[in-house]
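Reviewing the structure listed below.
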Amino acid sequence: MNQAQQYDAVIIGAGQGGGPLATALAGAGRRTALIEREHVGGACINVGCTPTKTMVASARAAYLARRSDDYGVQTGPVSVDMAVVRRRKRDIVERFRGHSQQQIEETDGLDLLMGEASFTGPKSLDVRLQDGATLRLAAETIVINTGARPVDPPVEGLDRVARLNSTTIMELDVVPEHLLVLGGGYVGLEFGQMFRRFGSRVTIVQRGPRLLAREDADVADAVAEVLREDGVEVLLQTDALRAEQAPGGRVSLVVRGPDGERTLTGSHLLVAVGRAPNTDALDLAAAGVETGERGHIRVNERLETNVPGIYAIGDVVGGPAFTHISYDDFRILRANLLEGGGRTTADRLVPYTVFIDPQLGRVGLSEESAREQGRAVRVARMPMSRVARALEVDESRGFLKAIVDAETDQILGCAILGLEGGEIMAMLQIAMLGHLPYPALRDGIFAHPTLAESLNNLFATLD
C-alpha cells in the first residue's frame with residue numbers, strides 16, 4: 001500500500017448530505033475525497049423517496065382508472081403491468097443518479113472513489129476500491145454519511161423464508177396475489193396501499209395498538225380507516241410469532257392478536273419494521289468514535305462526534321430519518337466549516353409526509369406530545385369534507401388538525417390527512433417559521449377554490 005494520500009476533507013457516503021457537502025468543500029478550495037460504496041445519491045434517489053413515490057404515482061393512476069365511473073368517465077377493465085412500472089421507476093432513478101454523479105465528477109478538487117471505507121485511526125482510513133485495490137487516505141476533517149439499511153425483527157424462522165424488504169419489493173415484475181406486510185410504519189403503509197391498488201390482497205400486521213405509533217390516536221385511527229376502505233386488512237395489537245415456508249413458494253406467518261393465534265398465508269412477505277445504521281464496516285473503534293446501543297453514531301448539536309474533526313450526518317446518527325433532514329445536516333456543516341457559523345440542530349422543525357393517499361403531512365408538536373409537556377393548547381380540527389376543492393375533485397377523506405398555544409396563539413404543530421396533505425402542512429410550517437399567530441391564517445385571503453383556503457375555516461373553529 002502506498003503512503004496515505006492527504007486531503008483537507010474526506011466524506012464517507014454520497015447521500016443527500018454527503019454529496020452536496022463534498023462539492024461545497026471542494027468549491028471552497030478544500031481538496032476533498034468522496035467515498036461511495038454502491039450508488040451516488042444515497043437511499044433517497046436509489047431505493048427510497050424517488051423510486052417509491054414514482055411507484056405510488058403509478059398506483060394512484062390505477063386507483064383513479066378504477067374510479068373513473070365516479071367522474072362520469074367510462075373505461076374498460078384495469079390491469080397493471082409491473083414490468084412497465086418497474087422500468088419507469090428504474091429510468092427515473094438512473095436519470096436522477098446520473099445527474100448527481102455528473103455534478104460530482106465535474107467539480108474541481110473533488111475525487112469520487114467507488115469503494116468501502118474503514119478507519120485506521122482518527123485521521124486516517126483505508127478504501128477498498130471496487131477494482132480490488134486499496135487506498136489509504138488521511139484528512140483533518142472526516143464526515144460520515146453512510147445511511148441505514150432494512151433489518152429483520154427477531155421472529156422465529158424469518159431468516160429461512162423468502163421475504164422482501166423496502167428495496168427488493170420494488171424489483172417485482174408481477175403483482176403479488178396476497179402481500180403480507182410486517183410493520184405498520186411509513187414504509188409498510190405506503191407499500192401496502194400501493195400494492196392493494198396494483199391489485200394485490202394486502203394484510204398489514206402491526207404489533208402496537210395503532211398504526212404510525214408516533215401520531216395522535218385520532219390521526220392513526222383515521223389512517224387505518226382509509227386503508228380499510230381501500231380493502232387493506234389491518235391487524236393491530238398483533239405479534240408475529242414465527243414464519244414458515246409454505247407449499248408453492250408461499251409464506252406463512254403465525255401471529256397472535258386480541259382473538260388468539262392464527263396463521264396468515266400469502267404469496268409474498270414484506271418486512272418493514274425498521275432500519276439499522278451502516279456502521280459495521282467502518283471500524284469506528286479504530287478512530288475512537290462512540291456509538292449508541294443500536295449502533296447509531298453519537299453526535300452533538302453541531303453534528304460532531306466525540307472525536308475532534310469527525311462528524312456524522314443523516315440516518316447514521318438516528319433521529320429523524322428523512323432526506324430533508326440529511327440535507328439540512330449538510331447546510332449546518334457547510335455554515336460551520338466554511339462560513340464560521342454556529343448553526344445547530346436545536347429547535348429545528350421536522351416536517352414529513354407519509355405518501356399514502358390521501359397524504360399525511362406532519363410538522364411540530366402533536367396534540368398528545370403538547371399535553372405531555374404540560375402546555376395549554378387549543379386544537380383546531382375540521383374534516384376534509386368541508387373543503388370545497390376536495391369535494392370538487394371527489395377526494396374528501398381525512399381531516400385537518402392544528403395545535404395552537406392557548407396563551408400566545410402561535411401554531412405549535414399540525415397533522416393534515418387529506419388531498420395534498422403535505423403541501424397544506426408546508427403552508428402551516430411557513431407560518432410557524434414566521435411566528436404568525438393563527439388569526440393571520442384565519443383571516444388571510446386565499447384564492448378560491450384552492451386547498452389553501454381551508455385554513456380560513458380550520459382556524460375559525462377556534463372562535
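Within segment 367-394, the residues that satisfy the criterion of being in a loop (DSSP other than H, G, I, E, B) and surrounded by fewer than 19 Cβ atoms within 10 Å (Cβ to Cβ) are Gln373, Gly374, Arg375, Ala376, Val393, Asp394.
Residue-wise test of (1) farther than 28 Å from Val174 by Cβ; (2) more than 22 Å from the chain's Cα centre (by Cα); (3) hydroxyl-bearing (Ser, Thr, Tyr).
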residue: Ala57; (1), (2), (3): no, no, no
residue: Pro77; (1), (2), (3): no, yes, no
residue: Ile104; (1), (2), (3): yes, yes, no
residue: Leu110; (1), (2), (3): yes, yes, no
residue: Lys123; (1), (2), (3): yes, yes, no
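Among residues of segment 316-333 that are within 18 Å of Gly361 (Cα to Cα), those with a beta-carbon under 9 Å from a residue that is among the charged types (D, E, K, R) and part of a loop (DSSP other than H, G, I, E, B) at least six positions away or on a different chain give the pairs Ile325/Arg348.
Within the set Val219, Val205, the sole residue that is farther than 28 Å from Pro351 by Cβ, touching a residue at least 24 places away in the same chain (Cβ under 8 Å) and among the hydrophobic types (A, V, I, L, M, F, W, C) turns out to be Val205.
Among the residues of segment 129-162, just one is touching a helix residue (DSSP H, G or I) at 6+ places or on another chain (Cβ under 6 Å) and over 20 Å from Arg298 (Cβ atoms), namely Asp152.
Of all positions in segment 424-445, none carries a residue that is touching a residue at least 60 places away in the same chain (Cβ under 8 Å), assigned to a loop (DSSP other than H, G, I, E, B) and touching an Asp or Glu at 6+ places or on another chain (Cβ under 9 Å). Taken over segment 66-124, the criterion of being free of Cβ contacts under 8 Å to residues at least 12 places away in the same chain and among the polar types (S, T, N, Q) is satisfied by Ser68, Gln74, Thr75, Gln102.
Take segment 345-362 and flag every residue that is within 25 Å of Arg275 (Cβ to Cβ) and either at pLDDT below 95 or out of contact with any strand residue (DSSP E or B) (no Cβ under 6 Å at 6 or more places or on another chain) (or both).
Step one: of segment 345-362, the residues within 25 Å of Arg275 (Cβ to Cβ) are 345-346, 348-357, 359-362.
The answer is Thr345, Ala346, Arg348, Val350, Phe355, Ile356, Asp357.
Pairing each residue of segment 225-237 that is surrounded by 14 or more Cβ atoms within 10 Å (Cβ to Cβ) with any residue that is of a type in the set (Ser, Thr, Tyr), provided the two are 6+ apart or on different chains, yields C-beta distances under 6 Å for Glu233/Thr203. Taking the criterion of being part of a loop (DSSP other than H, G, I, E, B), under 22 Å from the mean Cα position of the chain (by Cα) and either hydrophobic (A, V, I, L, M, F, W, C) or closer than 13 Å to Thr345 by Cα (or both), the residues of segment 292-312 that qualify are Val299, Glu301, Leu303. Can Pro247 be described as surrounded by fewer than 18 Cβ atoms within 10 Å (Cβ to Cβ) and within 12 Å of Val271 (Cα to Cα)? When the stated conditions are applied, Pro247 does not pass them.
Can you tell me which condition Gln429 does not meet? The list is (1) of a type outside the set (Asp, Glu); (2) in contact with a Leu (Cβ under 7 Å, 6 or more places away or on another chain); (3) crowded, with 22+ Cβ neighbours inside 10 Å; (4) under 14 Å from Val350 (Cα atoms), and all the others hold. That leaves (3) as the condition not met. Can you find a residue in segment 257-272 that is within 24 Å of Arg362 (Cα to Cα) and crowded, with 20+ Cβ neighbours inside 10 Å? Yes, there is a match, as at least one residue in segment 257-272 is within 24 Å of Arg362 (Cα to Cα) and crowded, with 20+ Cβ neighbours inside 10 Å. Scanning segment 346-361 for residues that are among the hydrophobic types (A, V, I, L, M, F, W, C), crowded, with 17+ Cβ neighbours inside 10 Å and in a loop (DSSP other than H, G, I, E, B) turns up Phe355, Ile356.
Of all residues in segment 141-175, those satisfying the criterion of being surrounded by 14 or more Cβ atoms within 10 Å (Cβ to Cβ), part of a strand (DSSP E or B) and not small (Gly, Ala, Ser) are Thr141, Ile142, Val143, Ile144, Arg149, Pro150, Leu164. Restricting the first member to segment 245-268 and to residues that are on the phi > 0 side of the Ramachandran plot, and the second to residues that are in a loop (DSSP other than H, G, I, E, B), the beta-carbon pairs closer than 8 Å and six or more apart or on different chains are Gly249/Ala162; Gly249/Ser267. When Val289, Val226 are screened for being not in a strand (DSSP E or B) and not assigned by TED's automatic domain parsing to the domain that holds Arg201, only Val289 passes. Among the residues in segment 178-197, are any among the polar types (S, T, N, Q) and farther than 28 Å from Ile297 by Cβ? Looking for residues that are among the polar types (S, T, N, Q) and farther than 28 Å from Ile297 by Cβ, one finds at least one in segment 178-197, hence yes.
The values are calculated or read from the model by the stated rules, or taken from the named source; none is laboratory data. The model shown is predicted, which means the values in this text are computed figures rather than measured ones. Note that we place each Cβ from the backbone using ideal geometry, even for glycine, and neighbour counts take in every protein chain shown.
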